[in-house]
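To start, the structure itself, in structure tokens.
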Amino acid sequence: GLWCCPWSRCCGMGDFRPRTVWLGHPEKREQRYPRNVINNQKYNFFTFLPAVLFNQFKYFYNLYFLLLACSQFVNELRLGALYTYWVPLGLVLIVTIMREAVEEIRCYLRDKEVNSQIYSKLSTRGTVKVKSSGIQVGDLIIVEKVLAPLVLSFPGSCFLRTDQLDGETDWKLRLPVACTQRLPTDLLQIRSYVYAEEPNIDIHNFIGTFTREDGDPPVNESLSIENTLWASTVVASGTVVGVVIYTGKELRSVMNTSNPRHKMGLFDLEVNCLTKILFGALVVVSLVMVALQHFAGRWYLQIFRFLLLFSHIVPISLRVNLDMGKMVFSWMIKKDPKIPGTVVRASTIPEQLGRISYLLTDKTGTLTQNEMMFRRLHLGTVAYGMDSMDEVQSHVFSAYTQVSEAGTSRAPAATKVRKTISSRVHEAVKAIALVHNVTPVYESNGVTDQAEAEQHYEDTCRVYQASSPDEVSLVQWTESVGLTLVGRDQSSMQLRTPTGQILNFTILQIFPFTYESKRMGIIVRDESTGEITFYMKGADVVMAGIVQYNDWLEEECGNMAREGLRVLVVSKKSLTEEQYQDFEARYVQAKLSVHDRSLKVATVIESLEMEMELLCLTGVEDQLQTDVRPTLEILRNAGIKVWMLTGDKLETATCTAKNAHLITRNQDIHIFRPVTTRGEAHLELNAFRRKHDCALVISGDSLEVCLKYYEYEFMELACQCPAVVCCRCTPTQKAQIVRLLQERTGKLTCAVGDGGNDVSMIQEADCGVGVEGKEGKQASLAADFSVTQFKHLGRLLMVHGRNSYKRSAALSQFVIHRSLCISTMQAVFSSVFYFASVPLYQGFLIIGYSTIYTMFPVFSLVLDKDVKSEVAMLYPELYKDLLKGRPLSFKTFLIWVLISIYQGSIIMYGALLLFESEFVHIVAISFTSLILTELLMVALTIQTWHWLMIVGELLSLACYVASLVFLHEFIDVYFITTVSFLWKVTVITLVSCLPLYILKYLRRRFSPPNYSKLTS
């Protein structure tokens, strides 16, 4: 079979053209193909610095400081030492550049690892090893159990695992190109080429032809998806040789992933908005000052000087503080012992985790472990669970020991005796062991080699292979109760009984499972007795009309489905030789017809599917990851709506949703009927609108139609649902749903996934969380946060998300308060001294104020927490409050502005009133009061004390006292030691802080916040 593989990152959609690929001759190409490399980096060596700087200065905030710093080079505008403006700005930029550089280097190393994987290539010199980045279109690659480029396979068929590409768990059968199977010579000796379609994003289709020129006559063969292996898929069995068709950014998996976008947190945008308001205030204050001077002299220069003088209204330290805060939050998440192995890859958005409204999760491997377990066998009158499997075993054993005692040639009993329970169990187990598409494969285990193992049916070497894990779990179960599938080829099957006897069955016909028919059937002949039996298994919906009437099927299927089991109904029908011959003749005839072939074939098969004998129901469970139910419960109580987007089948998805309690017991489920036209979609939406509080289940194709014609109406209805399940979604659709949710609701979304097919969704969401699963690390590498298990998500959001958001909000408002205080004092000072544009505090005092004197206590707010983490997990309702964005809103901002103006005026007027003879004393009194006020305000804001906070407060005070010695040019050291200085400072500080303490106490007393009720 051919496979064709795509590998790298899709940048711009170039002009893609169909191609002719000569087998084993990459040099014969007629166009240039991209290199086979994967590149997930945002920048390269040359664009790094310009791009990072652009990303910084495109925000109003940083641009403002850049202009401010530059203005100091103009002599008329200079207000003091250059370093007062340039040092803080340089610090901000260095921190940012270092952070981005570290993330880029990590990304580069990850890509390098992938690009240097080794493959085997067939060449004229025999087999050579080649790096993934050295693979070219036209190369012949030998593919074993590895990620394969899409190629053409030559030896035998093989199974393929595609869960990384489309999220489907069942294995796919891939076939070789027929005319390459019987080659007398080496592949490189023949002259042949593949004509393939241009690269596109459709992972489910492929069109191409294979031509062999040196044949006589030349051979042409059509190629379809069944002859291909896409990149990001894994060969599950066998070895194939294939020719590379696509490389680099033309790969299907790459064309399905979007470029990583630079994520900007909502919190940062809100802070950006507040700084714009502050800037507005700054301009107004400057104009007022100049107006009060009656626009005398060179007033336009005066405006500029005032702008610079009051520039502290917009605090530059805000950015540094918030960025360092983010680093602390990221470090806390990494170090949390209750969620080990969690990695923060995007340290810029931890606050986003505190405001998620929609959680979009993948199913396979995220909610479920993708391991099937046989749970229940139901015979109508009796059911066997996991604890009573030994009874089944003894029934099977007794059935075969009795048979061998009575001699194999039992005459079928003419009388209709009610069957004993033992024989019914035996019939059911035998049917399950026969009706499937599983092949046992023997591998050498070091002790026995492959041939010997196959000959003796060695148990230790046997591996089952099938297209679906459900089927394997059924066959493994029959093995555990004593009936083992030991051999199978195209036309026969061998079972081994508990007594070690081998039963041979000839496969006469097999009717494979399809999504439309929802059932599979097989007709076998027992070699020992010659009996022909038609066995069938399928979904209860279709089987109910096929089996003989009974009163328990529907009820029991419902019960098992509610427990989250996947139910299959197994039935059989005995055929006489004549009946079978008659059927075969009609079947062959139908298969030869040209018109309506599939319809005619289906009609013939349906003539057999009547009045079948119902044998049993089987229940298989796809095991959930640990603690999925409590985690979903927590998220639901926190007001987060959970949507499940999966590539899997509708029935499976619904089952898992019920099992995980994503859809609660008493909720109705509305399964959206498949729609293809506008009219159908309209009717279906109307039907759905009439239902209230009901979960929605919809398939990808129907979703596509609804979004095409009724995007607004559909999203409006879906957003009101308590839970939504979308099945058979392509990776691009998942990302599209995330984008629509963001646009329609304006709320924050979080996407969780673990496979390569979730990468687009994870990158599109405001917060992408990757789960490191069995499916590989693709998702966790592309995500902003990577966790080891789904259950860690609860703590990540409820505890870390909530804390990060509340702390950042407190921190940002405090930094704004700090700078507004000093600006108010400057304004009062200027207005008292005839609106002179003279700075109140010079050089070092200004820098020291926002750094060394108040930095530690203010920054220690990142350690503050209102409730213990256990309480936050116990009452997820606390999280709901944050969704309204109350910790940082215009209301809280205004309160802080008023506090700042009050305190700034009190301190300045106090200092002016109490100032004695010299100007120096004003500076000393006001500055000391200011520092003390700030430290007291931090103490007022803190809710839970931490030892580092106390250290921070004392350290700041000590720093200030110690530095007074060096600041004699600003402050008179002898004056500070006098009693009058001390009492004046104390009075001013008390007047500025005491009223706030009283207000806080009253507020706590009469309208306490929610969390305080839980802490008391």
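The values are calculated or read from the model by the stated rules, or taken from the named source; none is laboratory data. Since we're looking at a predicted model, the values are computed, not measured. Backbone-built Cβ (ideal geometry, glycine too); neighbour counts: all protein chains shown. These accessible areas exclude ligands, DNA and RNA; they are computed on the full protein's heavy atoms, side chains included. Shrake-Rupley method; radii C 1.70, N 1.55, O 1.52, S 1.80 Å.
Scanning the range 185-194 for residues that are among the hydrophobic types (A, V, I, L, M, F, W, C) and surrounded by 15 or more Cβ atoms within 10 Å (Cβ to Cβ), which turns out nearest to W22 (Cα to Cα)? Checking each candidate, the answer is V194. Within the range 772-795, if we keep just the residues that are open to solvent by less than 10 Å² (accessible area, probe 1.4 Å) and outside any helix (DSSP H, G or I), the residue that is modelled with the lowest pLDDT turns out to be A783.
When the range 291-331 is filtered for residues that are free of Cβ contacts under 8 Å to residues at least 40 places away in the same chain and either outside the structural domain of L820 (by the TED database) or crowded, with 20+ Cβ neighbours inside 10 Å (or both), the ones remaining, listed by number, are A291, H294, F295, A296, G297, R298, W299, Y300, I303, L307, S330. Scanning the range 601-635 for residues that are of a type outside the set (A, V, I, L, M, F, W, C) and free of Cβ contacts under 8 Å to residues at least 40 places away in the same chain turns up T603, E606, S607, R629, E633.
Test I339 against the stated conditions and say whether it is at pLDDT 90 or above and buried (at least 21 other Cβ atoms within 10 Å of the Cβ). Answer is no for this residue.
Annotation: of all residues in the range 554-613 being open to solvent by 80 Å² or more (accessible area, probe 1.4 Å) and of a type in the set (A, V, I, L, M, F, W, C), the one that is modelled with the lowest pLDDT is V594. Among the residues making up the range 469-497, those that are open to solvent by less than 50 Å² (accessible area, probe 1.4 Å) and part of a loop (DSSP other than H, G, I, E, B) are V481, G482, L483, T497. The residue that is nearest to N504 (Cα to Cα), counting only those in the range 514-546 that are part of a strand (DSSP E or B) and open to solvent by 10 Å² or more (accessible area, probe 1.4 Å), is D526. Every condition in (1) modelled with pLDDT of 85 or more; (2) touching an Asp or Glu at 6+ places or on another chain (Cβ under 6 Å) holds for I207 except the one numbered (1).
Only one entry of V271, V234, V244 meets the criterion of being over 30 Å from L888 (Cβ atoms), open to solvent by less than 20 Å² (accessible area, probe 1.4 Å) and under 38 Å from the mean Cα position of the chain (by Cα), and that entry is V244.
Cβ-Cβ distances below 7 Å connect the following pairs, each with a first residue in the range 730-746 that is assigned to a helix (DSSP H, G or I), a second residue that is polar (S, T, N, Q) and modelled with pLDDT under 90, and a separation of six or more residues or different chains: P731/N256; P731/N757; P731/S760; T732/N256; T732/S760; K734/S760; A735/S258; A735/S760. Among the numbered criteria (1) loosely packed, with under 15 Cβ neighbours inside 10 Å; (2) within 29 Å of the chain's Cα centre (by Cα); (3) without any contact (Cβ under 8 Å) to a residue 60 or more places away in the chain, which single criterion is violated by R665? So R665 meets the others, but not (3).
Only a single criterion out of (1) modelled with pLDDT of 90 or more; (2) open to solvent by 90 Å² or more (accessible area, probe 1.4 Å); (3) of a type outside the set (S, T, N, Q) is not satisfied by E713, namely (2). In the range 100-128, the residues that are touching a residue at least 60 places away in the same chain (Cβ under 8 Å) form Cβ pairs under 8 Å with partners that are aromatic (F, W, Y) and not in a helix (DSSP H, G or I), at six or more places apart or across chains, as follows: E104/Y43.
Here V769 qualifies as outside any helix (DSSP H, G or I) and crowded, with 23+ Cβ neighbours inside 10 Å.
Residues checked against (1) at pLDDT 85 or above; (2) in a helix (DSSP H, G or I); (3) open to solvent by 80 Å² or more (accessible area, probe 1.4 Å):
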| residue | (1), (2), (3) |
| --- | --- |
| C70 | yes, yes, no |
| G80 | no, no, no |
| W86 | no, yes, yes |
| I97 | yes, yes, no |
| Y119 | yes, no, no |
| I142 | no, no, no |
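Residues in the range 192-206 that are hydrophobic (A, V, I, L, M, F, W, C) and under 9 Å from I225 (Cβ atoms) were compared, and the one that is nearest to the chain's Cα centre (by Cα) is I203. When the range 932-945 is examined, which residues are found to be open to solvent by 60 Å² or more (accessible area, probe 1.4 Å) and closer than 14 Å to D864 by Cα? Q943, W945 - these are the residues of the range 932-945 that are open to solvent by 60 Å² or more (accessible area, probe 1.4 Å) and closer than 14 Å to D864 by Cα.
Tallying residues that are modelled with pLDDT under 85 and more than 19 Å from V21 (Cβ to Cβ) within the range 121-137 yields 2.
Run down V961, V938, V991, V987 and say which single residue is assigned by the TED database to the domain that holds L811, part of a helix (DSSP H, G or I), under 22 Å from M825 (Cα atoms) and free of Cβ contacts under 8 Å to residues at least 40 places away in the same chain. Of the residues listed, the single one that is assigned by the TED database to the domain that holds L811, part of a helix (DSSP H, G or I), under 22 Å from M825 (Cα atoms) and free of Cβ contacts under 8 Å to residues at least 40 places away in the same chain is V961.
Contact annotation: residue pairs with Cβ atoms under 6 Å, 6 or more positions apart or on different chains, pairing a residue in the range 195-224 that is hydrophobic (A, V, I, L, M, F, W, C) and open to solvent by 50 Å² or more (accessible area, probe 1.4 Å) with a partner that is part of a loop (DSSP other than H, G, I, E, B) and modelled with pLDDT of 80 or more, are I207/E197.
When the range 556-608 is examined, which residues are found to be of a type in the set (S, T, Y) and not in a strand (DSSP E or B)? Residues satisfying the conditions are T576, Y580, Y587, S593, S598, T603, S607. Scanning the range 51-66 for residues that are of a type outside the set (S, T, Y), open to solvent by 20 Å² or more (accessible area, probe 1.4 Å) and part of a helix (DSSP H, G or I) returns A51, L53, F54, N55, Q56, F57, F60, L63, L66.
Just one residue in the set L662, L696, L717 is in a strand (DSSP E or B) and either over 30 Å from G619 (Cβ atoms) or of a type outside the set (V, I, T) (or both); that residue is L696.
Per-residue answers, yes or no, for (1) open to solvent by 40 Å² or more (accessible area, probe 1.4 Å); (2) at pLDDT below 90; (3) within 18 Å of S905 (Cβ to Cβ):
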residue	(1), (2), (3)
E969	yes, yes, no
F981	no, yes, no
S992	no, no, yes
I998	yes, no, no
S1012	no, yes, no
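The single condition from (1) more than 41 Å from the chain's Cα centre (by Cα); (2) open to solvent by 40 Å² or more (accessible area, probe 1.4 Å); (3) at pLDDT 80 or above that E452 fails is (3).
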